[in-house]
Each structure stands twice: as structure tokens, then as C-alpha cells.
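Following: one structure in C-alpha cells, then a few remarks.
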Amino acid sequence: MRLQLAQREVALAGVALLATAVALAVSSAIHAHGSRLPLPVGAYTALAGSGGFGAVGTKTACGEVVSATTMGVANPVLPCGVQVYVGFRGKHVLTRVIDRGPYVPGREFDLTDALANKLGVFGVQRIDWSYAQAG
């Protein structure tokens, strides 16, 4: 009986030690890569279109060269580089403003093809968006 109790105590101590190591590793990773993701501020909806950006390799109004994997939005009012959360049907992505536009009446955002594909936005859809709290 005493042997089983001692083995159980050793096992519990091992689990506690492992949990402490994992907590320290996660905490260290957060500090090594900067702080946590910024919190969303506000909750808005807007019409957004996909495929509104020029061909791969073109330079945006914000100076970004668009690639096939570029994740970003165009907005006529928000400053270049502002981080925003964009959401559609339960998927949310932290991205940033990389271009001016859209120039289609009624739309407030254009999404890069990579961002639209990640969110599942095709054509013009109503998206959710919010500002990312400045760190």
C-alpha cells in the first residue's frame, strides 16, 4: 500500500513539473515573439469584395508589392499599416491596410486574394471587422 502511495506521489510531482515547464515555455514564447495579439476594438460590418487588387507584383498605394500570399485589405479612409481584424462566417484574421480603395460604390474594403481565400469570401460579401488595439 505504501509503495503505491509513493508511486502516485512521484507521478503527481512529475505531472506538476511538466505543467510548470509547459507554462514557462509558453510564457517565454509570448515574450520572445512580442506581446500577445492585440485585442479587437469595436464591432462593425461592411461590404467587401475579393479580387480587387491588381496583378501579382504590382505595388499598392501603401508601397507594398502584392504577392500570391499577401494578406491585406484596401480601404479609402484607414491609414496604411493600420491593423484590423476581418471576419467572415466564424473565421477571423488579423491583417492590415495595404492599399487605397475600393473604387466600387457601396464597398468599404477590398481583400487580397489570399485573405479572401483564407476567409472563404468570394465576390462581394458582408464581413465583420474591428480595429486592433494599439500595443
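A few points about this structure:
- The test for being of a type in the set (A, V, I, L, M) and modelled with pLDDT of 95 or more holds for Ala46.
- Residue within the range 88-98 that is among the hydroxyl-bearing types (Ser, Thr, Tyr) and more than 10 Å from Gly49 (Cα to Cα) present: yes
- There is at least one residue in the range 81-100 that is in contact with a Gly (Cβ under 6 Å, 6 or more places away or on another chain), among the hydroxyl-bearing types (Ser, Thr, Tyr) and under 15 Å from Ala46 (Cβ atoms).
- Cβ pairs under 8 Å, 6+ apart, first in the range 36-47 and touching a residue at least 24 places away in the same chain (Cβ under 8 Å) and over 9 Å from Ser130 (Cα atoms), second surrounded by 12 or more Cβ atoms within 10 Å (Cβ to Cβ) and among the aromatic types (Phe, Trp, Tyr): Ala46/Phe109; Ala46/Trp129; Leu47/Phe109
The values are calculated or read from the model by the stated rules, or taken from the named source; none is laboratory data. This structure is a prediction, so every number in the text was calculated from the model and none was measured. Cβ: placed from backbone, ideal geometry, glycine included. Neighbour counts: every protein chain shown.
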